[in-house]
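Worksheet for the structure shown next.
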Amino acid sequence: MTISTREQFTWPQAFAWAFAVLAILASSILMADEPIGGEEKRTSESSFYADSGRSQAVPDKISRDELAAFTTNGSRDKTALRSFKAGASANSTSLANTDFWFYLADVELFDDFDGDGYFSGIDLLFDADTYFSRAEVYAVVYLSLEGGPWTEYAETETFVINGTSGSDEYVIVTDLVAGYPTGSYDILIELFDAYDDAFVADMGPESTSELAFLPLEDAERDATGPAQRPIVINHGSGGGGAVDALTLAVLALLAAGSVALRRRRLLHSGLLRLAHSRERCA
């Protein structure tokens, strides 16, 4: 007599299979919640000011960048830098040009809605100088997470530096939207000659503490602050006037929270950027 497969399948085996399936599902959920390696793409929004630094009201360029995921694997060497790749492709040196240098760099961090000390916005200002009376250049900016490899996050268009003038400061304002884990970051700026893409100067955490140990995280990890938390209203007995006043107060708080949340999401639209720049200058 032939015995069917279903009759041979015992309850212990069924439980074993069910446990294995649940284990696989749980593992998949955990991996989805905590992206590993190249699974979590980076998104950022940047505004570029090439004229008068932080006193400039309207940006010259606004971009939204979708980039490869961050990694902390490997050492912080030069192989990931644009200067190294340009030097290798041209079969030339990737050393800085002594005719160009960075005079200063300054960083202001903004937007920490959950108050944990980690910010999702970077306001980077730098001033590059040259021995020439005028030079056209562009810059590439990198972030390094917890001492890991350098990873590009912004690239400027061509701009002009005039000798050692202090009126040609460049500003990049960036909103880290997604894909930037909470941690300590360093910034590196590389400068290139726009004529032949030759690497001419750089400035990083070894040059100034302004570019080192920056507490950052993306906007998705920056949870909403107390102003955005739900508020429960007790509609028990009481005078109508008192209830109305309380309702108005709650609505005011909710409106303030909504404005703060929208500000981050629309930070780089033209109209809001203009208001932000004027507020910063004041």
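Descriptive notes on the structure:
- Relative packing of peptides 178-191, 123-136 - highest average C-beta neighbours within 10 Å first: 178-191, 123-136
- Pairwise alpha-carbon distances in the stretch 179-220 exceed 11 Å for 69% of all pairs.
- Three-way shape label, the stretch 37-216, alpha-carbon gyration tensor, a/c 1.5: oblate
- Sequentially through the stretch 164-180, phi angles give Karplus couplings (6.51, -1.76, 1.60; θ = phi - 60°) of 10, 5, x, 9, 10, 5, 10, 10, 10, 9, 10, 9, 7, 7, 7, x, 10 Hz, Gly and Pro residues having no value and appearing as x.
- Once both labels are positioned 7 Å from their Cα atoms along Cα-to-Cβ, the gap between residue 108 and residue 182 label points is 2.6 nm.
- For the stretch 122-194, the fraction of alpha-carbon pairs lying more than 15 Å apart is 57 percent, rounded to a whole number.
- Length available on full extension from residue 133 to residue 99: 0.36 nm per residue minus the Cα-Cα distance, which gives 11.1 nm.
- Paramagnetic reach from residue 62 (point 7 Å along Cα→Cβ, amide N under 19 Å) across the stretch 177-200: 177-178
The numbers here are math on the coordinates, done by the rules we state, and not lab data. As the structure is a prediction and not an experimental result, all values here were calculated from the model. Neighbour counts are summed over all protein chains in view; Cβ atoms, including those assigned to glycine, are modelled from backbone coordinates with ideal geometry.
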